[in-house]
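First comes the structure, then the notes that go with it.
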Amino acid sequence: MALRLQSHPLLSQNARVNGMGLGSDETSHLPTAEKRLSRSTMDTLIEGAYRQLFFHTFKADRNLTLESQLRSGQITVKEFVRGLVLSGRFLDGVYSCNGNKQVARQLIERVLGRQIHGEAEAIAWSIVIGEQGVATMVDQLLASHEYSSNFGSDTVPFQRQRVLPGRRLGNQPLNITLPRYGDHHRQVIASFPPSQSGGFQVSGSLPPARVQKLWYGLILVGGFEVLRVVISIVGAMLATGSN
């Protein structure tokens, strides 16, 4: 039987304090999908979702199927967010590069728009991921009262922070405080030996001698063939010029 989410203390942070009114930095600048939006406004909403969840909007990260369903009203913004964080692109770029505790932090801060309540919350959610999978954690976050009360079904999640007296700005943006890769993954990448081209490659043995000989033979034959074609062209040009 799967364990329930372990209890953890709620730390004092800006996200738990009521906002200071319209125009402050904890107010989302993105439109909501409560009513039918124009194409340009929907584009703004979709790009905002990618920035919140991926921190960038590369063409390779776009999920055109989910975007089409959102534009046609088949799914809500909440379902669009769920589809993005469970997409292969997100799982490959975040889940496969981090341990469960770091994945839990990534999901909480991107989906709920606040910092984690210390190591205790990260550990509690990492147990959920280890026992029931990352999809279960995503579903529980989206079904939580915290998500519903702050974003509902039609608002893209955003970083919740509060402007405090004596501070020009609120909390730092998540894309600065939240590294994409965990320490272990960065150490693994750093352990790869440098290649002659300046990048990195995984060390390994050379191909078998027969394969190397075949490769060299193909290069030699190809060189002779290119030389023959060049000589034929030059000969034809000289013959044409003499005529």
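Using a simple spin-label model with pseudo-atoms 7 Å out from Cα toward Cβ, M42 and E119 lie 4.7 nm apart. Placing a pseudo-label 7 Å from each Cα along the Cα-to-Cβ vector at Q140 and Y216 gives an inter-label distance of 6.0 nm. At full extension, V234 and D61 could sit 57.3 nm farther apart than now, given 0.36 nm per residue minus the alpha carbon distance.
Values in this text are rule-based calculations from the coordinates and carry no lab data. Just so you know, these numbers come straight off a predicted model, no measurement behind them. Counting neighbours? That spans all protein chains shown, and the Cβs are built from the backbone with ideal geometry, glycine included.
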